[in-house]
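Here's the structure we're looking at; comments come further down.
Every read-out reported here was derived from the displayed coordinates using simple, explicitly stated rules and does not represent laboratory data. Just so you know, these numbers come straight off a predicted model, no measurement behind them. Note that each Cβ is placed from the backbone with ideal geometry, even for glycine, and that neighbours are counted across all protein chains shown.
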Amino acid sequence: MEPVPDVSLNATAASLLGFLHDGPRTGWDLHAIAETCIGGFWTVTRSQVYRELTALASRGFVEEGSVGARAQKPFTITADGKAAFALWIDRDPGEATIRHPLLLTIAFGAHLAPARRAEILREHRLRHEEVLAEYRRQWEQSEGHRSVFDSATLDFGIRYEQATLDWFDALPAEVTGDQASS
């Protein structure tokens with residue numbers, strides 16, 4: 001009996017394989033697609049993309065194409081890569097972990113001057129307003145052109161950002177540093 005090959009994938013590598021199902025792509029293309037499609041909830045740096053592509057190629061999950069324009073090389077998913085992705089996508093994704101730097105700052109907010117805490121909260125609220133506006137723009141622009149899966153993911157992003165803005169609105173003055181309303 002032959003040993004079963006190790007086909008375990010990390011989420012970033014698996015995501016790249018998922019994007020490659022749509023056809024050959026360069027590392028640059030994959031990073032841009034990741035930023036657009038999953039960037040709101042899964043960070044992928046350009047260096048991670050190239051590191052993972054190298055690892056996937058060494059495992060036979062992708063094939064490197066010939067160097068093309070701007071010295072870029074397309075990658076194509078192999079049959080083994082599709083099989084590895086199929087195993088990965090079929091697993092239980094596990095529990096979500098909240099790793100939110102703002103919440104860590106708020107947890108220790110008593111150690112910040114109220115004015116600084118208020119400034120941090122204003123800056124983050126503005127960022128969430130901008131992300132929500134971008135998600136809503138994507139929703140409008142992709143109407144009729146997105147899959148039900150893309151819709152579900154984008155809908156989550158919209159609802160997450162709206163819930164976060166609702167959370168900002170519900171913070172007590174003691175947290176926000178807005179002593180005028182207390």
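Here the gap between GLU130 and GLN72, fully extended at 0.36 nm per residue and compared with their Cα-Cα distance, gives a gain of 17.6 nm. Shown in residue order for the stretch 160-166 are the 3J(HN,Hα) couplings computed by the Karplus curve 6.51 cos²θ - 1.76 cosθ + 1.60 at θ = phi - 60°: 4, 5, 5, 5, 5, 5, 4 Hz (x for Gly and Pro).
Loop-located trypsin sites (Lys or Arg not before Pro) across the stretch 34-81 with a Cβ neighbour count of 13 or fewer within 10 Å are lacking, with loop assigned by DSSP.
Between the alpha-carbon centres of the stretch 1-75 and the stretch 121-145 there is a gap of 27 Å. Converting phi to 3J(HN,Hα) with the Karplus coefficients 6.51, -1.76 and 1.60 and the offset θ = phi - 60°, the stretch 100-109 yields 10, x, 4, 5, 5, 4, 5, 4, 10, x Hz in sequence order, with x at every glycine or proline.
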